[in-house]
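The values are calculated or read from the model by the stated rules, or taken from the named source; none is laboratory data. Just so you know, these numbers come straight off a predicted model, no measurement behind them. So basically every Cβ, Gly included, is an ideal-geometry build from the backbone, and we count neighbours across all protein chains shown.
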Amino acid sequence: MTKRMLLFPALAIILLALLAGCAAPQPAQQPTPAATHPAAKTPRTATPESIGIAPEDITLDDQGLVQAWQAALVPATPFDNMHAPGPSGLPTHIQVLFNGVSDPTAREPGGPVIYIIPVDAYQSMWRDHDSSAISDLLKKIKAVDARATGPKPVRGLPVLPMEETFGVNDFATQLRPVGGDDASFSKTGFRFVGRFAMVATPVTNAGLRYIYQGFSDDGRYLVAFFFPVRTDVLPDDLEAVSTEDTDAFNSNGLGYLADKAAALDELPSAAWTPDLSKLDALIASLAVK
């Protein structure tokens, strides 16, 4: 019997347990100047065609991790809870795109992106459809204390937008606070390395992302950053999973995932590609003129 076949007896039980225990719902091209402009302190005026911030107001130090970046104003997408893979809907917002991508619809699934989303418009869109899901998740994001001592969450961390989170956050490691300076648009937030899965499997590099969740200093904008990462400590795909890990996963899937998260949490930031500290510096450099 192959490794792949060994995975299936445990999948249904593990996924049901994760779904019951996790808080996550189902669902320009231009030079890259250093972030030297402070976030604006005066109120910004939003309209249906804007969010009070223009793409050209964005500054960013990409830390040499990408070829180029482009900020774009993205029109609203309607609320939709009738189609797979899960609920979706975003107000007009800004996306920072990387590596030559200038059209948000051309970005590969799971590709790097920064979202700047107006909080009030986001909540209103979903409340207008009798859903408190966004408001509830925003509260949970604010409540995450990445500085707390003691055991860290190994799954179920709250993440928005839902367009990036289909499935369940069944694995999380490297939870850390990310702080900025006076020029940073998002001065406080948290990041972790994790994945969102529709089916429970052993941990591999496939689908792992650096995920940042934070807010502007006035609380009016959600800042979310996603960037694919990997480490040599993990196999790249299921075919490369060891017999030892396969057996551990099949005998106690949740315990295996928790043990793996704890082990990976001990890795230095440089053991990941890209270096997690550089990704921290990138999002901390995000500023608005």
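For the range 198-253, taking the residues that are at pLDDT below 95 and more than 30 Å from L60 (Cα to Cα), the one that is surrounded by the most Cβ atoms within 10 Å (Cβ to Cβ) is identified as A200.
Which residue is farthest from P91 (Cα to Cα), if the candidates are limited to the range 58-74 and must be part of a strand (DSSP E or B) and not polar (S, T, N, Q)?
Here is the first cut: in the range 58-74, the ones part of a strand (DSSP E or B) are 58-59, 69-74.
When the remaining residues are screened for being not polar (S, T, N, Q), the result is 58, 69, 71-74.
Numbers: I58: 19, W69: 22, A71: 16, A72: 14, L73: 11, V74: 9 Å.
Looking at residues that are part of a strand (DSSP E or B) and not polar (S, T, N, Q), I get W69.
Of all the residues that make up the range 89-126, how many are more than 26 Å from L60 (Cβ to Cβ) and touching a helix residue (DSSP H, G or I) at 6+ places or on another chain (Cβ under 7 Å)? Before the answer, list the steps.
Taking the range 89-126 as the starting set, the residues that turn out to be more than 26 Å from L60 (Cβ to Cβ) are 89, 123-126.
Next, from what is left, pick out any that are touching a helix residue (DSSP H, G or I) at 6+ places or on another chain (Cβ under 7 Å): 89, 123, 126.
Residues in the range 89-126 being more than 26 Å from L60 (Cβ to Cβ) and touching a helix residue (DSSP H, G or I) at 6+ places or on another chain (Cβ under 7 Å): 3 in total.
S124 - would you say it is surrounded by fewer than 17 Cβ atoms within 10 Å (Cβ to Cβ) and closer than 16 Å to R220 by Cα? Explain how you work it out, then say what you get.
Values: surrounded by fewer than 17 Cβ atoms within 10 Å (Cβ to Cβ): yes; closer than 16 Å to R220 by Cα: yes.
Against the criterion (surrounded by fewer than 17 Cβ atoms within 10 Å (Cβ to Cβ) and closer than 16 Å to R220 by Cα), S124 qualifies.
Listed by first and then second residue, the pairs with beta-carbon distance under 7 Å, at least 6 apart or on different chains, first residue in the range 268-289 and assigned to a helix (DSSP H, G or I), second modelled with pLDDT of 95 or more and basic (K, R), are D280/R191.
Select from the range 75-103 the residues that are of a type in the set (V, I, T) and not in a loop (DSSP other than H, G, I, E, B) and write down the one among them that is surrounded by the fewest Cβ atoms within 10 Å (Cβ to Cβ). Give the steps one after another, and end with the answer.
Here is the first cut: in the range 75-103, the ones of a type in the set (V, I, T) are 77, 92, 94, 96, 101.
So of that shortlist, the ones also not in a loop (DSSP other than H, G, I, E, B) come out as 77, 94, 96.
Details: T77: 16, I94: 23, V96: 23.
Within the range 75-103, the match that is surrounded by the fewest Cβ atoms within 10 Å (Cβ to Cβ) is T77.
Can you confirm whether the range 120-134 contains a residue that is in a helix (DSSP H, G or I) and touching a strand residue (DSSP E or B) at 6+ places or on another chain (Cβ under 6 Å)? Please lay out each step first, then the result.
First, the residues of the range 120-134 that are in a helix (DSSP H, G or I): 120-127, 133-134.
Keeping just the survivors that are touching a strand residue (DSSP E or B) at 6+ places or on another chain (Cβ under 6 Å) gives 125.
Yes, the conditions are met somewhere in the range 120-134.
Within the range 12-23, one or more residues are at pLDDT below 55 and either over 30 Å from T243 (Cα atoms) or aromatic (F, W, Y) (or both). Can you find even one residue in the range 139-156 that is crowded, with 21+ Cβ neighbours inside 10 Å and within 14 Å of Q213 (Cα to Cα)? No: zero hits. Scanning the range 263-289 for residues that are closer than 18 Å to F190 by Cβ and of a type in the set (G, A, S) turns up S269, S277, A281, A284, S285. Scanning the range 151-187 for residues that are of a type in the set (G, A, S) and over 19 Å from G255 (Cβ atoms) turns up G167, G179, G180, A183, S184, S186.
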